[in-house]
Every structure is written in C-alpha cells, then in structure tokens.
Amino acid sequence: MTNRLQPGDAAPAFTLTDDSGAEVSLSDYAGRKVIVYFYPAAMTPGCTTQACDFSDSLDALAAQGYAVLGISPDAPAKLARFRERDGLTIALLSDPDKATLTAYGAFGEKTMYGKKVTGVIRSTFVVDQQGRIADARYNVKATGHVAKLRKDLGL
C-alpha cells in the first residue's frame, strides 16, 4: 500500500522538468500557497477536463495567492503538445521515473474498471506557505474537482 500524506506533513521536495524543458522545484514557491495535482496522462479526456478547469480557474486562484502545478509521467514534449492543443496556462511538470508521484502517494495500486492495477492515482494537494500539506485528496474525480476544491478553499 502506498503511504498517503496527511495535513501537517512536510510536502516532499521535488525538482522536475516542465513542458519547455526548464527545471521547476517546489522550493521555487517557498512562502507561497501551491496546489500540486497529479494526473495519469496528458491529452486523455479526464485529464484534459481537469487541466482546463485548473487553467480556467488560475486567475481566481492566483488572486488568492495560489500557484498550480500539474504533474504526470508524460515526457516534456507531450506536455508541450498538451499545453498548445488545449491552451493551458498552468505549469505542467514531467515525472517520468514517478519518484515524485510515489513520494506523494499518488502512484500505486488502484481499482480501474473493477480490476486492481498499478498506476497514477489522481490526487490533489494544497501546500501552505510553510511547505506543509494543508489538504490531501486522493482518488479525486476529474469532472467537478476544481469547482469543489475552490468551494472548500472558500474561493
């Protein structure tokens, strides 16, 4: 079973490559609130819905001090195509070895179509200004997730 993060835990540090080839670290956002979300695969229906919802909400989230980082195992070139195809404005990061996914408990056994499989567990984390987990959500649904998160954050 994958270890799951809880509110109050230190957010695992990471440095990953974004869709432009630049390195992005969680520490780049020190002192800021960050929404880190993990999704299985760019350019699939659910992941597209979720990424578009986060992009559409980015101005409102940024106005309240939140940055958004989307992380998947996809290569940077695929993430660049995803950004271009769907006009995404959020940061897209590549975790091909799944080390960050694993550190956040967002990779492991899950049930898909009634079968146990190993893969990316669609998950969202709110990291506070001190670098601690303020909220950890596992097995979220792509549709309606961003709206529910915004409501729960009071935005």
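The values are calculated or read from the model by the stated rules, or taken from the named source; none is laboratory data. A quick note: this is a predicted structure, and the numbers were derived from the prediction, not measured. Cβ placement follows ideal geometry from the backbone for every residue including glycine, while neighbour counts extend to all protein chains displayed.
Answer yes or no: is there a residue in the stretch 92-105 that is in contact with a strand residue (DSSP E or B) (Cβ under 6 Å, 6 or more places away or on another chain), hydrophobic (A, V, I, L, M, F, W, C), modelled with pLDDT of 90 or more and assigned to a strand (DSSP E or B). Yes: the stretch 92-105 contains one or more residues that are in contact with a strand residue (DSSP E or B) (Cβ under 6 Å, 6 or more places away or on another chain), hydrophobic (A, V, I, L, M, F, W, C), modelled with pLDDT of 90 or more and assigned to a strand (DSSP E or B). Against the conditions (1) small (G, A, S); (2) on the phi < 0 side of the Ramachandran plot; (3) crowded, with 19+ Cβ neighbours inside 10 Å, G105 satisfies every one except (2). For K78, the conditions (1) in contact with a Pro (Cβ under 8 Å, 6 or more places away or on another chain); (2) surrounded by fewer than 19 Cβ atoms within 10 Å (Cβ to Cβ) all hold with the exception of (1).
Out of all the residues in the stretch 108-125, which are assigned to a strand (DSSP E or B) and surrounded by fewer than 20 Cβ atoms within 10 Å (Cβ to Cβ)? Break it down stepwise before answering.
Step one: of the stretch 108-125, the residues assigned to a strand (DSSP E or B) are 108-112, 115-120, 123-125.
Of everything in the stretch 108-125, those that are assigned to a strand (DSSP E or B) and surrounded by fewer than 20 Cβ atoms within 10 Å (Cβ to Cβ) turn out to be G108, E109, K110, T111, M112, K115, K116, V117, T118, G119.
Scanning the stretch 126-155 for residues that are of a type in the set (A, V, I, L, M, F, W, C) and under 16 Å from L26 (Cβ atoms), which turns out surrounded by the most Cβ atoms within 10 Å (Cβ to Cβ)? So the residue we want is V127. Determine if the stretch 129-147 includes at least one residue that is out of contact with any strand residue (DSSP E or B) (no Cβ under 8 Å at 6 or more places or on another chain), of a type in the set (D, E, K, R), outside any strand (DSSP E or B) and at pLDDT 95 or above. No: zero hits.
Against the list (1) under 15 Å from the mean Cα position of the chain (by Cα); (2) within 21 Å of D152 (Cβ to Cβ), the condition A63 fails is (1).
Basic (K, R), within 20 Å of M112 (Cα to Cα) and touching a residue at least 40 places away in the same chain (Cβ under 8 Å), is that true of R32? The answer is no for R32.
Taking every residue in the stretch 54-74 that is farther than 15 Å from Q129 by Cβ and pairing it with any residue that is crowded, with 20+ Cβ neighbours inside 10 Å and charged (D, E, K, R), at least 6 positions away or on another chain, the pairs with Cβ-Cβ distances below 6 Å are I71/D95; P73/D95. Scanning the stretch 1-26 for residues that are at pLDDT below 95 and among the hydrophobic types (A, V, I, L, M, F, W, C) turns up just one, M1. Among the residues of the stretch 22-48 satisfying the criterion of being among the hydroxyl-bearing types (S, T, Y) and under 13 Å from the mean Cα position of the chain (by Cα), which is nearest to K141 (Cα to Cα)? Among them, the one singled out is Y39. Close contacts from the stretch 130-145, counting a first residue that is in contact (Cβ under 8 Å) with a residue 12 or more places away in the chain and a second that is assigned to a loop (DSSP other than H, G, I, E, B) and aromatic (F, W, Y), with Cβ to Cβ under 8 Å and a gap of 6+ residues or different chains, come to A142/Y39.
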